[in-house]
Amino acid sequence: MEMTHRPVISSTGVFTPVDVITNEELVASFNAYVERFNTEHAAEIAAGEVEQLQPSSVEFIEKASGIKARHVIAKQPVLDPAIMAPRWGERSNDELSIMAEIGVKAARQALERAGRDPADVDAVLCAASNMQRAYPAMAIEIQNALGIDGFGFDMNVACSSATFGIQTAADYIRAGNAKSVLVVSPEITSGHLNWRDRDSHFIFGDVATAVLVEDAAIAPAEHWDILGTKLKTVFSNNIRNNFGFLNRAHPETAGTADKLFVQEGRKVFKEVVPMVAQMIVDEAGRLGIDPQSLRRLWLHQANAGMNRLISHRVLGHEANEDESPIVLDTYANTSSAGSIIAFHQHSEDLAPGDTGLICSFGAGYSAGTVFVRKTA
Ligand code: COA
């Protein structure tokens, strides 16, 4: 008899850094930097050689994005107008690296919530927008710290890393190659954000999430059936980060702003909303799910306006907070972790049989959908 393996989500975990930066604090620091820059360059600005920097504003940030605050691992250096970047002590190879450390915290929570012994996990995928080093893989360090006997590897699909990780994990389950897979997304986005760029300095925050994807045969009684997963990528330069190991081949441009996150926010907004809304509706159709019957959408958390438009197109009406919860107001954009935080924080109240959607989208472009149903 052929065995069928059904992938489910057994549990999730979230690690949230303690430090918070409010928009008020962020803008005060940014504007102090702007004032300093303009004073230092007064002569060049007067001569028309250097462009005067413009101040940021709390009102703009909140209106344009819906973001009110963000968590970061290192608040003080990010807010110091002379630094405006994260800083922490360099760790020796014998210490757990910082990305692995927060990933392990989220992973432990997911394992505890599922009552899963790490010895029974088969694989760890570290799925995130940035890896802090080339190798060994972050996933293998996390695997080792958790005491998991199996395999691990890193994968990066920018903001869609977590949903791509979930499908990859689900495929291992479906194929019978694993029974229990941890998808860990430590997103230290404060490291790739250009805190001196007025257009985007407010966008990101730090967090780590973990999703335990398992074979239904071993999952805890309360879990989420994965009804279907779908991935899509379409090349675009509208969100880009040129940082990489070949930068040293061009030392003259190695420190320029394109080695951090840059985007054409307006274009991203306009191009990604229809692409994702269509993808969700198409995939729901393929799975025989009426999109308007979806109980909740856990969408990628980049911009409240994008989520409003996407959920409206999917549900056929303006979604309320209960139907499409927002966490970006307090977390900002946490890259691939955003939809997982929303799911983690806003799923316990759903009833058995309720169907919902975890959906991510971002650089690549990339988008991923994971339709889930709470077990009856
Ligand atoms: N403070 C005050 N004003 C600002 C500002 C700031 N920090 N940043 C930009 N502005 C000004 C601009 O100068 C511009 O002024 P103008 O109209 O006089 O030229 C105006 O505000 C609008 O700027 P724009 O950059 O077009 O803003 P926007 O409405 O597109 O909002 C984003 C910017 C980034 C919030 C928005 O485009 C967005 O979220 N896009 C989607 C991004 C996304 O999902 N990316 C995925 C990342 S993973």
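The values are calculated or read from the model by the stated rules, or taken from the named source; none is laboratory data. Given the structure is predicted, the values throughout are model-derived calculations rather than measurements. Here the Cβ positions follow ideal geometry from the backbone for every residue, glycine too, while neighbour counts run over all protein chains shown. Areas reflect the complete protein model, heavy atoms only, side chains present, ligands, DNA and RNA absent. Shrake-Rupley method; radii C 1.70, N 1.55, O 1.52, S 1.80 Å.
Values as computed for the structure displayed
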{"quantity": "Residue in segment 256-277 that is nearest to the ligand (Cβ to nearest atom), counting only those that are open to solvent by 80 Å² or more (accessible area, probe 1.4 Å) and without any contact (Cβ under 8 Å) to a residue 12 or more places away in the chain", "calculated": "266"}
{"quantity": "Those residues of segment 202-232 which are surrounded by fewer than 23 Cβ atoms within 10 Å (Cβ to Cβ) and within 16 Å of the ligand (Cβ to nearest atom), in sequence order", "calculated": "232"}
{"quantity": "Given (1) more than 13 Å from the chain's Cα centre (by Cα); (2) aliphatic (A, V, I, L, M); (3) assigned to a helix (DSSP H, G or I), number of the condition residue 162 does not satisfy", "calculated": "(1)"}
{"quantity": "Of all residues in segment 105-153 being closer than 20 Å to residue 229 by Cβ and surrounded by fewer than 22 Cβ atoms within 10 Å (Cβ to Cβ), the one that is farthest from the chain's Cα centre (by Cα)", "calculated": "122"}
{"quantity": "Index of the failed condition, residue 159 passing every other in (1) touching a His at 6+ places or on another chain (Cβ under 7 Å); (2) open to solvent by 40 Å² or more (accessible area, probe 1.4 Å)", "calculated": "(2)"}
{"quantity": "Checking residue 340 against (1) farther than 28 Å from residue 239 by Cα; (2) under 21 Å from the mean Cα position of the chain (by Cα), the condition it does not meet", "calculated": "(1)"}
{"quantity": "Close pairs (6 angstrom Cβ cut-off, 6 or more residues apart or separate chains): closer than 12 Å to residue 21 by Cβ in segment 70-94, of a type in the set (Asp, Glu) and surrounded by fewer than 20 Cβ atoms within 10 Å (Cβ to Cβ) anywhere", "calculated": "72/19; 75/19"}
{"quantity": "Counted residues, segment 1-36 - those being in a helix (DSSP H, G or I) and open to solvent by 50 Å² or more (accessible area, probe 1.4 Å)", "calculated": "5"}
{"quantity": "Residue count, segment 322-337 (criterion: within 11 Å of the ligand (Cβ to nearest atom), aliphatic (A, V, I, L, M) and closer than 14 Å to residue 162 by Cα)", "calculated": "0"}
{"quantity": "Helices (runs of 4 or more DSSP H) wholly inside segment 297-376 containing at least 1 residues that are closer than 20 Å to residue 205 by Cα and without any contact (Cβ under 8 Å) to a residue 60 or more places away in the chain", "calculated": "304-315, 338-345"}
{"quantity": "Of all residues in segment 351-361 being more than 16 Å from residue 227 (Cα to Cα) and open to solvent by less than 10 Å² (accessible area, probe 1.4 Å), the one that is farthest from the ligand (Cβ to nearest atom)", "calculated": "360"}
{"quantity": "Residue within segment 309-316 that is within 16 Å of the ligand (Cβ to nearest atom), at pLDDT 95 or above and open to solvent by less than 10 Å² (accessible area, probe 1.4 Å) present", "calculated": "yes"}
{"quantity": "Residues located in segment 48-101, provided they are assigned to a helix (DSSP H, G or I) and within 16 Å of the ligand (Cβ to nearest atom)", "calculated": "58, 59, 60, 61, 62, 63, 64, 65, 78, 79"}
